[in-house]
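Q: Quick one: the structure is below, and I'll ask about it shortly.
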Amino acid sequence: MHSSINPGPPPSLASLIEAGPAALFLDFDGTLVELAPGPDAIKPRDGLADALGALADRLGGRCAVVSGRGLSDIEKHIGPLPVAGAGSHGSDMRRRDGISVGAGAKALPQEIEQALRAFAEEHGIDYEEKPHGGALHYRAKPDAGVAAENFANELAEKHGWAAQGGKCVIEVVAKTANKGAAVSAFMKEPPFAGSRPFFIGDDLTDEAGFAACEAAGGAGILVGTRSDTRAVFRLPTVQSVHKWLEL
């Protein structure tokens, strides 16, 4: 990871499309919807799914939501997803037509799940069950963050899994689950193959997506003010993302 020197806004979406086939990979929390105290407390804007469908049409289908959430969880909040999707940090992938890509999510071993649940209960923080793993959320209790991260890292290492940190969350996931791998897999599939990809995201887990897009001739677009990033462009807020995407 490196710091971009005061990255500015990306070129307009119209100019990217005009320059040749472009693809967009969109994080969900903190990018398409505002962050909330807990994963079920988000308030997506009305009509978000329809707006994403129209965006995908404009891009010839080359649009995907790539999120740490499971795809079924996203759909619980906004309705059926009308674009390609990679949930569970890329371990649960499907094309726009609903056809699965890859082997699917690897379930969390019971021993890891029980340990995470017990830790969450003991420390008064939230545990979230996911198709690909489990997450400890400490946004409502930030003082528990260091202990949660240390515990998750040790637990993951012990069982041969991986721990991924984000904004007030630490997740235990399969080692193959990351957003960069999801981008790379989509870029081998029609209609994404041969396009120039751009990844929009706000969190540390999105850096792998930025890197994959950069490797394919595109770039990352960071949402927010974080300085340590390999993103080339920046948008300040969720609202500015919606405006740039013309949703």
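Q: Which percent, to the nearest 5, of DSSP beta bridges fully inside the chain are antiparallel? Spell out each step's value before the answer.
A: Details: 19 of 38 bridges.
In the chain, DSSP labels about 50 percent of beta bridges as antiparallel.
Q: Then there's this: How do the peptides 231-237, 141-147 rank, highest first, by the average count of neighbouring beta carbon atoms within 10 Å per residue?
A: 231-237, 141-147
Q: Compute the length gained on full extension between Glu157 and Arg196: take 0.36 nm times their separation in residues and subtract their Cα-Cα distance, giving the result in nm to one decimal.
A: Contour length minus Cα-Cα distance gives 10.5 nm.
Q: What spacing in nm lies between the two simple spin-label points modelled at Glu189 and His123, each 7 Å away from Cα in the Cβ direction?
A: 3.5 nm
Q: Follow-up. Between region 103-141 and region 177-247, how many Å separate their Cα centres?
A: 26 Å
Q: Moving on to the next point. Hey, got a sec? Which trypsin sites (Lys or Arg not before Pro) in region 133-169 land in a DSSP loop and have at most 12 other Cβ atoms within 10 Å?
A: Details: sites: Arg139, Lys158, Lys167; in loops: Arg139, Lys167.
Those that pass, being in a loop and sparsely packed, number zero.
Q: Anyone know which of Ala64, Ala84, Ala115 comes out most mobile in the 10 Å Cα GNM of the chain?
A: The residue with the greatest mean-square fluctuation here is Ala115.
Q: Compute the helix-to-body angle for 145-159: its Cα long axis versus the longest principal axis of the chain, expressed 0 to 90° and rounded to tens.
A: Compared with the principal axis, the helix lies near 90 degrees.
Q: With runs of 4+ DSSP H residues as the only contributors, calculate the mean residue ellipticity of the chain at 222 nm using -39,500 (n - 2.57) per run, divided by the residue total and rounded to the nearest 500. Before the final figure, lay out the partial values.
A: Details: 8 runs with 79 residues, N = 247.
Taken over the chain, the calculation gives -9500 deg cm²/dmol.
Q: Another question, then. For Lys158, which lysines qualify as cross-link partners when the Cα separation must be under 19 Å and same-chain residues fewer than eight apart are set aside?
A: Partners within reach: Lys106, Lys175.
Q: Give me the angle, in degrees from 0 to 90, between the Cα long axis of helix 48-58 and the longest principal axis of the Cα atoms of the chain, rounded to the nearest 10.
A: Helix 48-58 sits at roughly 40 degrees to that axis.
We did not get these values from a lab; they are worked out from the coordinates using the rules stated. All of these numbers come straight from a predicted model, not from anything done at the bench. Note: ideal-geometry Cβ built from the backbone for every residue, glycine included; neighbour counts use all protein chains shown.
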